[in-house]
Amino acid sequence: MTFLNYNKRTNQHSSFDWLCTDQYVITKYKQDPLCGFIPSNQFFYDLYDGMETIQSAADSKKIPKLLPLLLLSGKDDPVGQYGQGVQKAINFYQSLELYSVNYHIYDKNRHEILNEVNKKEVFQDITNWLDGQITCNNKKQSI
């Protein structure tokens, strides 16, 4: 039931099209015996318990203000509510007045942005962000 509506906005070549736009990746996913299974009840319990924890006002106050965050998502990802849920998360972390909340929502990307046709761009963005964190930390240490 969790995944039934995820394909609403796709061409629906398969029940996994919501994962990414690259049909080669979808084909490999369908052929992999370790993919496409129905998760256990315990998985969903743990998933929703974790979501409740990370959205807890008390627990959110424990996030170090200097913890740099990078949030990445596909604009066509149904799990992220097509960018709207991700924007809520961005707003939430910004409301905590964290020092650095960075994000990128990739147009025409779905759930698995690291498997999308523009994955090189995504990996480069991650690399650039990490390089920036290293540079920033080196400057703090030398002060």
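Before moving on, here are some points about what is shown:
- The set of residues in region 7-47 that are among the hydrophobic types (A, V, I, L, M, F, W, C), farther than 15 Å from Asn109 by Cβ and outside any loop (DSSP other than H, G, I, E, B) comprises Phe43, Phe44, Leu47.
- Only residues that are within 28 Å of Asn11 (Cβ to Cβ) and of a type in the set (Phe, Trp, Tyr) were counted across region 87-129, and they come to 3.
- Selection count, region 60-113, where residues are in contact with a helix residue (DSSP H, G or I) (Cβ under 6 Å, 6 or more places away or on another chain) and in a helix (DSSP H, G or I): 1
- Filter result for Thr127 (surrounded by fewer than 11 Cβ atoms within 10 Å (Cβ to Cβ) and modelled with pLDDT of 95 or more): yes
- Hey, Ile126 within 24 Å of Phe3 (Cα to Cα) and either among the hydrophobic types (A, V, I, L, M, F, W, C) or within 16 Å of the chain's Cα centre (by Cα) (or both) or not: no
Conditions (1) surrounded by 11 or more Cβ atoms within 10 Å (Cβ to Cβ); (2) not β-branched (Val, Ile, Thr), marked per residue:
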residue: Arg9; (1), (2): yes, yes
residue: Tyr24; (1), (2): no, yes
residue: Thr27; (1), (2): yes, no
residue: Pro39; (1), (2): yes, yes
residue: Ile54; (1), (2): yes, no
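- Filter result for Lys88 (surrounded by 11 or more Cβ atoms within 10 Å (Cβ to Cβ) and at pLDDT 95 or above): no
- Of the residues making up region 48-62, not a single one is more than 19 Å from the chain's Cα centre (by Cα) and either at pLDDT 95 or above or aromatic (Phe, Trp, Tyr) (or both).
- Test: residue in region 93-101 that is at pLDDT 95 or above, touching a strand residue (DSSP E or B) at 6+ places or on another chain (Cβ under 8 Å) and under 24 Å from Tyr24 (Cα atoms): no
The values are calculated or read from the model by the stated rules, or taken from the named source; none is laboratory data. Remember, it's a predicted structure, so these values are computed and weren't measured experimentally. Note that we place each Cβ from the backbone using ideal geometry, even for glycine, and neighbour counts take in every protein chain shown.
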